[in-house]
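Where a number appears in this text, it was derived from the coordinates with a stated rule and is not lab data. Keep in mind that what you see is a predicted model, and the values were worked out from it rather than measured. As a convention, Cβ positions derive from the backbone with ideal geometry for all residues, glycine included, and neighbour counts pool all protein chains shown.
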Amino acid sequence: MRYAIYYTPPPETALARFGAAWFARNAPCLDTPRRYGFHGTLKAPFRLAAGTTEAELLRAAGSFAAERPAFSGPALRLSVLAGFLALTPSEPSEELDRLAADCVAAFDRFRAPAAEAELARRRRTGLSPRQEALLLRWGYPYVMDAFRFHLTLTGRLDEAGLDRERAEAETMLAGSAPAFPVDGITLMVEPAEGEAFHVLRRCEFALPAGGTRRSGLEDGTGVRSSAGATSRRSFDRRDP
C-alpha cells in the first residue's frame, strides 16, 4: 500500500470537469496516468514508515491544511515533458513551489526509506549530482529546486501521438485553460501494487488567501531552497 500527497482541482470547477472528461476518453495513452488520476504531485507515492499509521497521516494532513492559505495558481498551458503531454503553469509560482516543498518536508516522517530496487529505478535514466542528493534525502529526485509542477494528461508518446493528443486537448479546452485554484491537498492511497489510486481525503486550506506563511525551508541536503527557483533544465517522470 502506498500513499501520496497530490493537488487535485476543487470539485465542480472547470478544471475538475476538464480532467474528468479527459480521462473518460477511451485512448490507450491514458491507461497509466488514469491509474493515478488527474493530479499534480506534491509528495510522490511512498509506503508508510514503521511506527506510523494511516490515521496519523490523516491527522497530519488536516493540521497541515489548517495552516495554509488558498491561492490562485498561474494560467495553465499545454506542454510536453519527457515525451508526455501535461498542463503546466505558464510562469513560475513561488506559492506553488513553496506548497510542494512544504509537503515534501512535512510528511517525510511518514515515508519509509526507499528500497534499493526503487532507488535503482529512479537512477536508470541518469541523475545529476543534485538530483541524487535529493533522491537520497527525500526518496524522490524531482523535489525542492528540482520540482516542476504538472498535471499529467498522457503516457509517453511519439511525435504523431503528441500532436494528436494536443489537438484533442486544445479542442476540449476551447482555446484556453481553465482557472487554477489551489485550495487544498488531497491524500491518495494505492490499496495494492498496480491498483488505481483513489482519494482518501481532500483537506481544504483553512486560511484566507494572502495568509502568512514561512519564508525559507531547509531542503535536507544542506541547501536552503528558494521556492521560486524551479529548475527547468532536467525533468523526467517516474510516477505520473
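Seen from every direction in turn and averaged, the convex hull around the alpha carbons of the stretch 62-136 projects onto 7.0 nm².
Over all Cα atoms in the stretch 102-166, the spread is summed up by Rg and Dmax: 14.8, 43 Å.
The label point for residue 118 and the one for residue 17, both projected 7 Å from the Cα toward the Cβ, are 3.8 nm apart.
Ellipsoid fit via the Cα gyration tensor, the chain: semi-axes of 26, 21, 19 Å, each the root of five times an eigenvalue, largest first. Using the Cβ-Cβ distance between residue 164 and residue 56 with R0 set to 51 Å, the FRET efficiency from 1/(1 + (r/R0)^6) comes to roughly 0.70.
Its relative contact order, with pairs defined as Cα atoms under 8 Å and 6+ residues apart, puts the chain at 35 percent.
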